[in-house]
Amino acid sequence: MTEIELKFQMPPERAGAVLRAVATRSAQRIGLRALYFDTAERSLATSGLALRVRKEGRRWVQTLKGAGDGVWQRLEHEVTLRVPAGSEPLADPALHDGTPAGEALRKALATGSGELHGIYGTQVMRTRRLLRAPDCLVELAFDQGALTADGRRWPLCELEFELKGGSASALAAVAQRWATRFGLTLDTRTKAERGDRLARDLRLGEPVKSQALALPATVDTEAALRAMVGNCLLQILGNASELAHETDTPPEHLHQLRVGLRRLRSVLRELGEASPQARPEWSDALAQIFSRLGSARDRDALAQTLLPALRQAGATGLQLPQIDPEPAAQIVLREPATMRLWLELAAFAAEPGTAGEPAATLVRQRLGRLFKQIRRDAARFDGLADDARHQLRKRVKRLRYLGELSASLYRPKAVREFLRQLSPAQEALGAFNDVCVARALFAPQGAHDAMAMFALGWLARERDVAIKRCVRALAPLRKAEPFWLRPVHALSNA
């Protein structure tokens, strides 16, 4: 069974209003007490699984949840558990045998001791009711309570929308209306993820990096596009959930969020035409979010790279110029327009679409076009204007992202070798871009600040060096073997 649901956090001052909106005459209120099990080695948590035993009214229910296909889909298998009166519940993995989730559980338990223990729990009062809306039936569940582990507590106050019937896009439309009305913010972190952290006395999770995407060899273009969008959203929303709801988030979460935004923009730019449901305005909205989250991140990157080199060269007291203040990431990521964009993209990724031509055909065309443009500009890099060099850098990134996302359609060894040859060019172009950004930062102060003038002189020399590095790094691409010329399905049919 696949569970499709969305979970939202809310401003504390709106919790009462949300509860009143859920608690109509048809609503039910039920106390839920749950215990989550794992091994001492955290075999389930590291495998993306959660094994829960929960008391619902008078009965005990054991539920196994695992990662599903996409942002809001999760594997779930639920069974009634017999617990003798007066006894503490014990999880029984055998109850899930014969299911996809149960198979994943057995594999996870085989990696460690296999002995299960209660690790953390929840105490929640749930208010739930069914909501009938156009093209869908949704269960609303307002949970208020806490996660508990070793005497520690993590307060819970969240609203879940579970699809009981109908389409994912209709569910997203319902959630969007409630989000706008009550200021709700999407949170992809599960109770199990947060409970596992609480048990380890942690608040923040690791930054979510890009994940490999396994596409069937004969996947059609629209299905590939939707899968790629969903893959990018896993990285985007995993980091956005931390940034939107936690404080003192390390810079790496913001960096990985921006990487996810770049990947998604690349996919929509190169393959968006594959689906009539892919909206052109999504790219503009993503670019705006990227830009609003960008200048502080760029400045932090310069502070870690070029600024130490400048100080070592003699500018010992040099500081980076101040930039115009920008909204905090938490503000940007909680805005209604951002919630609307996430929900539209998640709904697009979840819908099946219409079968069309093989994805390898369009991907080959797009990769080939990008590579042709890159090799053309690489051969004349010395004479390009800086704007054209910046465009080349962005094309190299798009080529890498699209290559990584479509890699399963091609020979793994050929993909790895091509991306290995591409990596030095991307690094060299990135270093050149850092020099250009730094020059733009110091330029306004160069006429009246001696330290800034020194920095501009040093950066001018460094720019010349960076150009030569780019030329050397780009040269091997002239002989690089395009991996996309022979997709896997063509090899199997040969």
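When we screen Thr39, Thr63, Thr122 for residues that are touching a His at 6+ places or on another chain (Cβ under 9 Å), under 28 Å from Phe161 (Cα atoms) and either crowded, with 17+ Cβ neighbours inside 10 Å or not polar (S, T, N, Q) (or both), the only hit is Thr63. Reported count of residues in segment 38-51, each being in a strand (DSSP E or B) and either closer than 26 Å to Phe142 by Cβ or aliphatic (A, V, I, L, M) (or both), is 3.
If I ask for residues that are in a strand (DSSP E or B), closer than 16 Å to Gln176 by Cα and either open to solvent by 80 Å² or more (accessible area, probe 1.4 Å) or not aromatic (Phe, Trp, Tyr) (or both), which ones from segment 1-36 would you list?
Correct list: Ile4, Glu5, Leu6, Lys7, Gln9.
Does segment 412-434 hold any residues that are crowded, with 21+ Cβ neighbours inside 10 Å and either among the aromatic types (Phe, Trp, Tyr) or more than 18 Å from Leu485 (Cβ to Cβ) (or both), and which are they?
Matches in segment 412-434: Phe418, Ala425, Ala428, Leu429, Phe432.
One residue is enough: does segment 456-464 have a residue meeting the conditions of a type in the set (Gly, Ala, Ser), touching a residue at least 24 places away in the same chain (Cβ under 8 Å), out of contact with any Cys (no Cβ under 8 Å at 6 or more places or on another chain) and in a helix (DSSP H, G or I)? No: zero hits.
In segment 97-111, what residues are surrounded by 16 or more Cβ atoms within 10 Å (Cβ to Cβ) and either of a type in the set (Ser, Thr, Tyr) or farther than 21 Å from Thr63 by Cα (or both)? Selection gives Thr99 alone. Of all the residues in segment 376-430, those that are among the charged types (D, E, K, R), under 20 Å from Val471 (Cβ atoms) and free of Cβ contacts under 8 Å to residues at least 60 places away in the same chain number 11.
Close Cβ contacts (under 9 Å, 6 or more residues apart or on different chains) running from residues in segment 18-35 that are more than 22 Å from Leu147 (Cα to Cα) and of a type in the set (S, T, N, Q) to residues that are outside any loop (DSSP other than H, G, I, E, B) and modelled with pLDDT of 95 or more comprise Thr24/Arg129; Ser26/Arg129; Ser26/Leu130. Restricting attention to segment 264-280, the residues that are open to solvent by 30 Å² or more (accessible area, probe 1.4 Å) and either touching a residue at least 12 places away in the same chain (Cβ under 8 Å) or closer than 22 Å to Leu399 by Cα (or both) total 6.
Scanning segment 355-371 for residues being open to solvent by 40 Å² or more (accessible area, probe 1.4 Å) and within 12 Å of Gly403 (Cβ to Cβ) gives a total of 1.
Test of understanding: among Arg376, Arg393, Arg389, which residue is part of a helix (DSSP H, G or I), open to solvent by 40 Å² or more (accessible area, probe 1.4 Å) and among the basic types (Lys, Arg)?
After applying the criteria, what remains is Arg376.
The residue that is farthest from Asp97 (Cα to Cα), counting only those in segment 42-60 that are small (Gly, Ala, Ser) and open to solvent by 40 Å² or more (accessible area, probe 1.4 Å), is Gly57. For the residues Leu237, Leu257, the requirement of being closer than 14 Å to Val71 by Cα, among the aliphatic types (A, V, I, L, M) and under 10 Å from the mean Cα position of the chain (by Cα) singles out Leu237.
Within segment 232-249, can you find the residues that are open to solvent by 10 Å² or more (accessible area, probe 1.4 Å) and farther than 10 Å from Leu186 by Cα?
Here is the first cut: in segment 232-249, the residues open to solvent by 10 Å² or more (accessible area, probe 1.4 Å) are 234, 238, 243, 245-249.
Within segment 232-249, Leu234, Gly238, Leu243, Glu246, Thr247, Asp248, Thr249 qualify.
The values are calculated or read from the model by the stated rules, or taken from the named source; none is laboratory data. In this text the structure is predicted, and so the values were computed from the model without any measurement. Neighbour counts are summed over all protein chains in view; Cβ atoms, including those assigned to glycine, are modelled from backbone coordinates with ideal geometry. These accessible areas exclude ligands, DNA and RNA; they are computed on the full protein's heavy atoms, side chains included. Shrake-Rupley method; radii C 1.70, N 1.55, O 1.52, S 1.80 Å.
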